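J.: Before I ask anything, here is the structure I am working with.
Just so it is clear, none of the values below were taken in a lab; they were calculated from the coordinates. On a predicted model such as this, the values are computed, not experimentally measured, just so you know. Note: ideal-geometry Cβ built from the backbone for every residue, glycine included; neighbour counts use all protein chains shown.
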Amino acid sequence: MRTCSVCEKGRRTGNKVSHANNKTKKVWDANLKRVHAIVAGETLHIYACTRCIRSGKVTKAPVRKPQTAPAV
């Protein structure tokens with residue numbers, strides 16, 4: 001089961017309640033993204049929820065562009 005590496009948010013369980021008050025089990029999954037981030041001075045792939053990414057709790061690593069040969 002995946003959880004956010006920053007805030008430990010994961011799956012939440014509860015009941016889905018219909019208009020007739022029938023209750024069935026329901027699972028809410030956190031909105032997790034695999035992010036290339038800087039953790040303790042090195043770049044790692046971590047799972048982070050979108051709330052942590054938006055709020056700035058995750059420092060994203062810069063994107064490295066592939067090197068191309070110079071045109072002759």
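J.: Within the set of pairs 6 or more residues apart or between chains, which connect a residue that is under 23 Å from residue 6 (Cβ atoms) inside region 56-67 to a residue that is part of a loop (DSSP other than H, G, I, E, B) with Cβ atoms less than 7 Å apart?
T.: Every condition considered, the pairs that remain are 57/6; 58/6.
J.: Further question on the same structure: Going residue by residue through region 3-15, is there one that turns out to be touching a Ser or Thr at 6+ places or on another chain (Cβ under 9 Å), part of a strand (DSSP E or B) and exposed (fewer than 14 other Cβ atoms within 10 Å of the Cβ)?
T.: Checked region 3-15: at least one residue is touching a Ser or Thr at 6+ places or on another chain (Cβ under 9 Å), part of a strand (DSSP E or B) and exposed (fewer than 14 other Cβ atoms within 10 Å of the Cβ).
J.: Another one. State all residues of region 25-50 that are without any contact (Cβ under 8 Å) to a residue 40 or more places away in the chain, under 30 Å from residue 14 (Cβ atoms) and of a type in the set (Val, Ile, Thr); if no residue qualifies, say none.
T.: 27, 35, 50 - these are the residues of region 25-50 that are without any contact (Cβ under 8 Å) to a residue 40 or more places away in the chain, under 30 Å from residue 14 (Cβ atoms) and of a type in the set (Val, Ile, Thr).
J.: Could you please find all residues in region 51-72 being in contact with a strand residue (DSSP E or B) (Cβ under 6 Å, 6 or more places away or on another chain) and either of a type in the set (Gly, Ala, Ser) or under 16 Å from residue 8 (Cβ atoms) (or both)?
T.: Those that are in contact with a strand residue (DSSP E or B) (Cβ under 6 Å, 6 or more places away or on another chain) and either of a type in the set (Gly, Ala, Ser) or under 16 Å from residue 8 (Cβ atoms) (or both): 58, 61.
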